[in-house]
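Here's the structure, in structure tokens; my notes come after.
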Amino acid sequence: MAVSGGQDSLCMAKLLVDLQPKWSWQISMVHCDHQWRKDSTDNANHVLALAKTWNVPIHIQRATEQLGSEAAARQWRYSEFATVARAQKCDVVVTGHTQSDRAETVLYNLIRGTGIDGISALPWHRKIDQHQPPVDLVRPLLDLSRKQTGQFCQQHSLPIWEDSTNQDLSFRRNRIRQQLLPYLQTHFNPQVEQALFQMAEITAVDVQYLTEQTHQLYQQVITAHSSSNSWEVNRAQLQIAPLALQRRVMKQLLQTALPHPPNFQGVEKLVSLLRAPNGSRTDTYTGGFVAQVRPPQVIPPGNPFSHKRPFKPKDVRAHDELHRSELVIWLGPVAL
């Protein structure tokens with residue numbers, strides 16, 4: 001159980017502790033101290049005391065280096081969750097995310113222009129590491145609002161730790177929580193949290209289907225060349241796929257190749273090469289990669305030049321006479 005000491009995580013922890021005898025769960029608590037606040041040690045001690053009261057094992061994880069952003073903190077936190085879970089032979093990490101958290105995340109991602117993947121954020125469960133068997137993250141309180149978890153804590157006299165950073169409007173999520181959502185509730189829809197939650201639920205199923213289709217298509221149209229750290233895209237096969245899948249396949253390819261996730265413009269540059277003439281290329285991506293339309297490294301059997309060696313840029317004859325339908329998109333280091 002990931003417990004920060006706030007009302008949502010206390011509500012979740014109390015429910016699981018009370019249900020543990022019925023289901024014979026092996027449970028323990030983990031608290032992550034980001035070392036951001038002067039009172040972070042007091043916060044950790046508060047959770048430690050609560051664990052002792054409930055007679056539940058607890059693990060306090062403290063950051064040993066500066067976490068420069070919310071994203072970096074989140075990545076570190078989930079890494080620690082998985083590490084502790086494996087050490088304790090637990091296969092599930094449970095967090096106290098609520099309907100309110102999901103509504104805030106949907107708005108945050110909508111403003112950033114993340115597409116339906118961002119709108120479907122905070123699923124009920126997902127894997128949080130790549131090991132086998134994986135550790136699963138589960139969010140059992142997603143259909144409860146923050147107001148409801150607060151009422152639960154009051155009814156059970158749970159000692160809520162008030163995180164001072166929750167009032168800091170320099171954090172964009174806090175501004176959404178403190179200003180944007182109340183404004184939408186007052187002037188547009190009193191049930192806006194529920195509406196955003198429903199939108200996330202609807203799009204989550206769509207995203208799951210698109211993800212499965214993308215994985216299948218990626219396996220069919222992408223050829224990796226590990227020796228040269230490059231990839232080839234079968235243009236003819238990908239051209240006939242819907243644009244939605246074209247974009248997703250190209251995004252997955254760039255995520256595989258580049259050191260940082262690509263933005264929309266980076267994906268579109270690659271998609272535009274699907275119908276570009278031979279020799280067309282992108283500018284250089286982060287990490288020194290470039291994409292170019294050209295014949296494949298190994299010319300397909302049956303082509304009049306298939307007896308020749310693998311294609312080299314100076315092989316002008318093959319470059320000029322290879323049929324357009326056999327051209328590929330090559331992605332690799334700019335030096336090659």
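Points worth noting:
- Extension reserve of the A244-R37 stretch, reckoned as 0.36 nm per residue once the Cα distance is removed: 70.2 nm
- Degrees separating the helix 40-54 axis from the principal Cα axis of the chain, which is the longest one: 70 degrees
- Residues within the reach of a label modelled at V271 (point 7 angstrom out along Cα to beta-carbon, backbone nitrogen below 12 Å), restricted to segment 225-246, are 242-246.
- Taking N109, N45, N263 as the candidate residues, the one with maximal mean-square fluctuation in a Gaussian network model of the chain, Cα springs under 10 Å, is N263.
- Global form of segment 1-155, assessed from the alpha-carbon gyration tensor, a/c cut-off 1.5: rounded
- Mean residue ellipticity at 222 nm, helices only, the chain: -14000 deg cm²/dmol; runs of at least 4 DSSP H residues each add -39,500 (n - 2.57), and the sum is divided by the number of residues.
- Of all stretches in the chain that contain no GluC sites (Glu not before Pro) in a DSSP loop with at most 13 other Cβ atoms within 10 Å, the longest one is 163-336.
- Residue list for segment 134-158, given a label point 7 angstrom along the Cα-to-Cβ vector of Q194 and an amide N cut-off under 15 Å: 143-148
- Alpha carbon centroid spacing (whole Å) that separates segment 1-51 from segment 244-292: 43 Å
- Rounded FRET efficiency, nearest 0.05, which uses the C-beta distance separating Q20 from F264 and R0 of 45 Å: 0.45
- Degrees, to the nearest 10: 146-155 long Cα axis against longest axis of the chain: 30 degrees
- Among the lysines of the chain, pairs at least eight places apart or on separate chains and with Cα atoms under 23 Å apart come to 10.
- Using Cβ point charges alone (K and R +1, D and E -1), the dipole size of segment 1-143 about the Cα centre works out to roughly 200 debye.
- Exposed-site-free run, longest, the chain (rule: chymotrypsin sites (Phe, Trp or Tyr not before Pro); DSSP loop; at most 16 other C-beta within 10 Å): 189-304
- Diffusion coefficient, µm² s⁻¹, Stokes-Einstein with Kirkwood Rh over alpha-carbon pairs of the chain at 25 °C and 0.890 mPa s: 105 µm²/s
- Positive-end residue, the chain charge dipole about Cα centroid, Cβ charges, pick of S100, C90, L254: L254
- FRET efficiency, 1/(1 + (r/R0)^6) with R0 56 Å, evaluated for A49 and T186 via beta carbons: 0.90
We did not get these values from a lab; they are worked out from the coordinates using the rules stated. Treat the numbers as computed from the prediction; the structure is a model and nothing was measured. Virtual Cβ from ideal backbone geometry, glycine too; neighbours counted across all protein chains shown.
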